[in-house]
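All remarks here apply to the structure that follows.
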Amino acid sequence: MRRTAAVFALQGLGNSALALPLVCSLLERYDVTVHVKRNGSERLYAELPIDVRVRSYASRAELFRAPLDAADCAIAATPTGRSESLGVARTPTHRRLSFRGHWSLLNLALARPPAAHDVENNAALGERAGVAPTAVDVGPLIRGASHAPDADVVALHPTASTRAKYYPEEFWMEIVRALADRGMRISIYAGPAAAERDFAVGVARAGGSGVRTVLGAPLGEVAREIASASAFIGSDSALMHLAALSGVRTVGLWSFADVRRVHPYGRDAAVYLPREVLRSRHFDYPDRAPGWLARARADDVLEILDGRRRVDFTLPARLAASTRVHLY
């Protein structure tokens, strides 16, 4: 009889995406229930071709009241906050795996988060559950093992969960025009919110009729299309993480997050990084897009895509290729 595992990944949609390699590795030995926040993460796991049970919660209070099934082990994915710790503490199990230990205010105040990338942090938790980490490439799983990426398709994701991560519209329009001039097939993805749709449609106009917009589509469908593209350029988002984890050539356009822990992680990933972020010590969400995003140049990003721009440094990876960092 197979053992059971409960994985709690109750942060943002991007963090839920970063838990995907852990979940896939656990499936080799466990029947897995994934507990996620009701923010789109539940659709991501429900729509991907993986055999997991999905439970979602709108709030920590709902998680506190919900009956949780017994499991052979309960895992708090990183980044681990109060919700993950609460879920692991409430699960009837003899084995609780977390970087923060049991749920308590004292523990949350004193425990320090791990310093590695969250994919590697989660892999370390998988090792403690008896699952050996493997190289990260979920692309064949998402797009289908028999489907190879399309050589002339570029996926663009100019929006994100917050306007604070949006690069300027004219920057995106220059990228679209340049890719269209190369004869590339361009697909632009955005979520269902009106602000995202309007921004994506405005960017798409720069490429004329040859640009395809995908607005508010099911996440599983979007993930399959992005995993089948030859390249991805996009904001720091769940789609960026899925592209990198799928082995797609990925250029992540950074804004303000801690690049050391949540950069795109895969076999061909790069980050276009403002120098100010490298010097930051605090990574709270700002009220508006940082002023330094106005310095971004479309030509820089195209050079990164082509492999022609100098690499300033790399972020080493244990389960993938090092991520290339290009400062501006």
Unmet criterion (only one of (1) within 26 Å of SER237 (Cβ to Cβ); (2) modelled with pLDDT of 95 or more; (3) part of a loop (DSSP other than H, G, I, E, B); (4) polar (S, T, N, Q)) for THR93: (1)
Scan of the range 5-45 for residues that are within 13 Å of LEU125 (Cα to Cα), among the hydrophobic types (A, V, I, L, M, F, W, C) and touching a Gly at 6+ places or on another chain (Cβ under 7 Å), ordered by number: PHE8, LEU22, LEU26
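If I ask for residues that are of a type in the set (A, V, I, L, M) and at pLDDT below 95, which ones from the range 174-193 would you list?
ALA193
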Filtered residue count, the range 3-47, keeping only those that are part of a strand (DSSP E or B) and either under 13 Å from the mean Cα position of the chain (by Cα) or at pLDDT below 95 (or both): 1
Any hit, the range 273-293, residues being touching a Ser or Thr at 6+ places or on another chain (Cβ under 9 Å) and within 22 Å of ASP152 (Cα to Cα): no
Top-ranked residue of the range 48-83 - restricted to ones that are of a type in the set (Gly, Ala, Ser) and surrounded by 15 or more Cβ atoms within 10 Å (Cβ to Cβ), ranked as nearest to the chain's Cα centre (by Cα): ALA77
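So that you can scan it fast, the table gives a plain yes or no per residue for (1) free of Cβ contacts under 8 Å to residues at least 24 places away in the same chain; (2) aliphatic (A, V, I, L, M); (3) out of contact with any strand residue (DSSP E or B) (no Cβ under 6 Å at 6 or more places or on another chain); (4) farther than 16 Å from LEU18 by Cβ:
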residue: GLY252; (1), (2), (3), (4): yes, no, no, no
residue: ASP258; (1), (2), (3), (4): no, no, yes, no
residue: PRO264; (1), (2), (3), (4): no, no, no, no
residue: PRO286; (1), (2), (3), (4): no, no, yes, yes
residue: ARG297; (1), (2), (3), (4): no, no, yes, yes
residue: ARG310; (1), (2), (3), (4): yes, no, yes, yes
residue: LEU315; (1), (2), (3), (4): no, yes, no, no
residue: ALA320; (1), (2), (3), (4): no, yes, yes, no
residue: ARG324; (1), (2), (3), (4): no, no, no, yes
The range 16-34: number of residues that are among the polar types (S, T, N, Q) and either crowded, with 24+ Cβ neighbours inside 10 Å or in contact with a helix residue (DSSP H, G or I) (Cβ under 7 Å, 6 or more places away or on another chain) (or both): 2
Qualifying positions in the range 121-150 - over 19 Å from the mean Cα position of the chain (by Cα) and at pLDDT below 85: ALA132, GLY144, ALA145, SER146, HIS147, ALA148, PRO149, ASP150
Filtered residue count, the range 35-44, keeping only those that are buried (at least 21 other Cβ atoms within 10 Å of the Cβ) and closer than 21 Å to ALA193 by Cβ: 4
Filter result (hydrophobic (A, V, I, L, M, F, W, C) and over 16 Å from ARG163 (Cβ atoms)) within the range 202-219: ALA204, ALA206, VAL211, VAL214, LEU215, ALA217, LEU219
Subset of the range 281-298 [surrounded by 13 or more Cβ atoms within 10 Å (Cβ to Cβ) and assigned to a helix (DSSP H, G or I)]: TRP292, LEU293, ARG295, ALA298
Of all residues in the range 268-280 being closer than 15 Å to SER255 by Cβ and not in a helix (DSSP H, G or I), the one that is modelled with the lowest pLDDT: SER280
Search result, residues across the range 248-266 that are surrounded by fewer than 19 Cβ atoms within 10 Å (Cβ to Cβ) and either at pLDDT 95 or above or part of a loop (DSSP other than H, G, I, E, B) (or both): ALA257, ASP258
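The values are calculated or read from the model by the stated rules, or taken from the named source; none is laboratory data. The shown structure was predicted, so the numbers you read here are calculated from the model rather than taken from an experiment. Glycine also receives a Cβ, built like all others from the backbone with ideal geometry; neighbour counts cover every protein chain displayed.
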